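Working notes, beginning with the structure itself.
Since every read-out is calculated from the coordinates, none of them should be taken as a lab result. This one's a predicted model, so the numbers in the text were calculated from it and none came from an experiment. Neighbour counts are summed over all protein chains in view; Cβ atoms, including those assigned to glycine, are modelled from backbone coordinates with ideal geometry.
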Amino acid sequence: GSVVASYPYDDSPTHRHRGVYSKSADDEVFKYLAKAYASHHPIMRTGKPNCPGEEEETFPDGITNGAQWYDVEGGMQDYNYVWANCFEITLELSCCKYPPASELQQEWDNNRESLLAFIEKV
């Protein structure tokens, strides 16, 4: 996991593992939506999730183009965008895939304002 808002495309024409910006026709809209979420999250907005084993990983403004981060062929985010005109971003909310119950209140506190800001964009 990580703490970042990722947007399409997750797949790239070259299928290189990472580092290829795969721009969609609605790239500016996706960046706007991703920033709307990330800018209200106390960790995400720093662009430095500081996840164990990935301490050097950074995301400017707390967002990333999916394929630039790592290429995912056949992902639902891209499929829904291309075939159903459904705009989706992927929210990575924690370095830990299954945070313990004792951390859930803090996760809610970290994400509450981001969720409200994102809903307002709809």
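Out of all the residues in the stretch 87-113, which are of a type in the set (Asp, Glu), part of a helix (DSSP H, G or I) and closer than 15 Å to Arg45 by Cβ?
Quick first cut of the stretch 87-113, residues of a type in the set (Asp, Glu) only: 88, 92, 103, 107, 109, 113.
Next, only the ones that are part of a helix (DSSP H, G or I) stay: 103, 107, 109, 113.
Once the filter is applied, which keeps residues that are of a type in the set (Asp, Glu), part of a helix (DSSP H, G or I) and closer than 15 Å to Arg45 by Cβ, the stretch 87-113 yields Asp109, Glu113.
Residue check, Leu116 against (1) among the hydrophobic types (A, V, I, L, M, F, W, C); (2) out of contact with any Ser or Thr (no Cβ under 9 Å at 6 or more places or on another chain); (3) part of a loop (DSSP other than H, G, I, E, B); (4) more than 25 Å from Thr14 (Cβ to Cβ), all met but one. Which one?
(3)
Scanning for something more than 21 Å from Tyr21 (Cα to Cα) and not aromatic (Phe, Trp, Tyr), does the stretch 57-80 turn up at least one residue?
Within the stretch 57-80, not a single residue is more than 21 Å from Tyr21 (Cα to Cα) and not aromatic (Phe, Trp, Tyr).
Only residues that are loosely packed, with under 15 Cβ neighbours inside 10 Å and of a type in the set (Gly, Ala, Ser): list them for the stretch 87-101, please.
The answer is Ala101, and nothing else.
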